[in-house]
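See structure below.
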Amino acid sequence: MKRLVKYELLKIVRKKSTLIIMAISLILTAFLFGIPIIQYQTYNQDGVIKGMEGITYEKAQASGYSVALTNEYVEKTVQEVRALFDDPDNVGFDGNEKFLIGNAYWEQIAPREKLLRLIATNYADQGEYAGYNSLPELDVNGGADFYGARNEKIEALLNSPSRDMTDGQKEYWRNMNSHVETPFHYGYYEGWEIILTSFELLMFAILSVCIVIAPVFSSEYQAGTDAVILSAKYGKTKLITAKIVSSFLFAVLAFTVHILVACGLPLAFFGADGWNLPLQILGTTIPYPFTLLQMTLINVGVIYLVLIAMVGLTLLLSAKMKTPYMVLVVLVPVLFIPMFLTPTGTTGIYNQLLFLLPYRSTMPEFAKYISYPIGGLVLDILWVRAIVYVIFTVILIPFARRGFKKHQVSA
């Protein structure tokens, strides 16, 4: 059996088309995940700083603001920003809002503007964002109560009529939030943010793997070798199994190379700093008690399950259709039509099905409080995706096997 699997795997790998498709796919993945590096720019008083010089500058600036967001630190920070606004020489006005100018901005605000925005948004109304210029309006004389404000926003979110959550869903998210450790630790995390916000770009890698797998059965029909295979001693048993196993082996190995490129490029240039920081530095109301590294690994795991299910679907289509082209005619819309569909919320059949389609399933969606009540059980989006794609794979493989085994050979 091992020899058959090895033989079928080599058949896939040694095809010229496989090498071309994988080379193009890897180049595309490198380009897409390299764009933030190529286009990166930041600013100082002298103007724009681009590329690696800008990345190095930003890391140096951010290193001074690796802090624990305690109530005391938040209170002190708000008072510092307020003091800057109290000096008229520091303040500009564009007709709508006040902002800091000159040294006050470039030396005191610019190096930590993302941090200040995180703090300010924590006190804003649910669904709204705030900048550093809203901090002077906060009353922190009685204490910042940063985490009390966070809890109030979470309760407002859970009780929002537009979300229409059941009591079980609300309790599920409250319980998850109770495991989030405080105070949050803040630091530099640019590389991880790029990865977590770019996972959907891996759909092109999934498509490329499926293109390579598409001829596994259908090419036998084209070449007329299906009659020979199906009449052979192990043609309907071990050889079909070997084709399926080798397809999954190739898919996992090829996709792993893409993952290494996709994650390796941002981390190589921006650094792996921040891997142990909490997800909440991307948004204080995020409920998952994970670090940036943990969330990355979890979502990569989900994407692998999506890949495996799509390979299962490809094998089924390949067993049922006479040409690889027809397989792709069906597969491409399944993978990419959801790219053009926009959720209207987090509840309702349309939205909850959309969040489970392959394209959307590559996105972690960790800030949206998407959950599914199933009887008396509540599961969040990550669990449901994992379960759904495992079930799909388990269903699709036997049908793919049966599809080729029962194929009627042309006379």
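The values are calculated or read from the model by the stated rules, or taken from the named source; none is laboratory data. Small disclaimer: the values here were computed from a predicted structure and weren't measured. Backbone-built Cβ (ideal geometry, glycine too); neighbour counts: all protein chains shown.
Residue check: is Thr314 in a helix (DSSP H, G or I), of a type in the set (S, T, N, Q) and more than 17 Å from the chain's Cα centre (by Cα)? Yes, satisfied.
The single condition among (1) in contact with a helix residue (DSSP H, G or I) (Cβ under 9 Å, 6 or more places away or on another chain); (2) within 18 Å of Leu379 (Cα to Cα); (3) not in a loop (DSSP other than H, G, I, E, B) that Gly168 does not satisfy is (1). The residue that is nearest to Ile259 (Cα to Cα), among those in segment 358-382 that are surrounded by fewer than 18 Cβ atoms within 10 Å (Cβ to Cβ) and among the aliphatic types (A, V, I, L, M), is Ala367.
Of the residues screened, Ala130 is one that is modelled with pLDDT of 90 or more and not in a helix (DSSP H, G or I).
Here's a check for you: in segment 138-149, which residue that is at pLDDT below 90 and under 35 Å from the mean Cα position of the chain (by Cα) is nearest to Asp86 (Cα to Cα)? Among residues in segment 138-149 that are at pLDDT below 90 and under 35 Å from the mean Cα position of the chain (by Cα), the one nearest to Asp86 (Cα to Cα) is Leu138. Take the residues of segment 82-112 that are loosely packed, with under 14 Cβ neighbours inside 10 Å and within 23 Å of Leu69 (Cα to Cα): which is nearest to the chain's Cα centre (by Cα)? It comes out as Glu107. For segment 370-411, taking the residues that are under 15 Å from Lys322 (Cα atoms) and not in a loop (DSSP other than H, G, I, E, B), the one that is modelled with the lowest pLDDT is identified as Lys405.
Table: residues versus (1) closer than 18 Å to Tyr189 by Cβ; (2) surrounded by fewer than 22 Cβ atoms within 10 Å (Cβ to Cβ); (3) of a type in the set (Gly, Ala, Ser); (4) free of Cβ contacts under 8 Å to residues at least 24 places away in the same chain.
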residue	(1), (2), (3), (4)
Lys243	no, no, no, no
His258	no, no, no, no
Phe269	yes, yes, no, no
Gly274	yes, no, yes, no
Pro287	no, no, no, no
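Looking across segment 19-70, just one residue is under 20 Å from Thr197 (Cα atoms), of a type in the set (Ser, Thr, Tyr) and at pLDDT below 90, and that is Thr42. Can Ile349 be described as free of Cβ contacts under 8 Å to residues at least 12 places away in the same chain and among the hydrophobic types (A, V, I, L, M, F, W, C)? When the stated conditions are applied, Ile349 passes them. The residue pairs whose first member lies in segment 375-397 and is among the polar types (S, T, N, Q), whose second member is in a helix (DSSP H, G or I), and whose beta carbons are closer than 7 Å, counting only pairs six or more residues apart or on different chains, are Thr393/Ile308; Thr393/Ala309; Thr393/Gly312.
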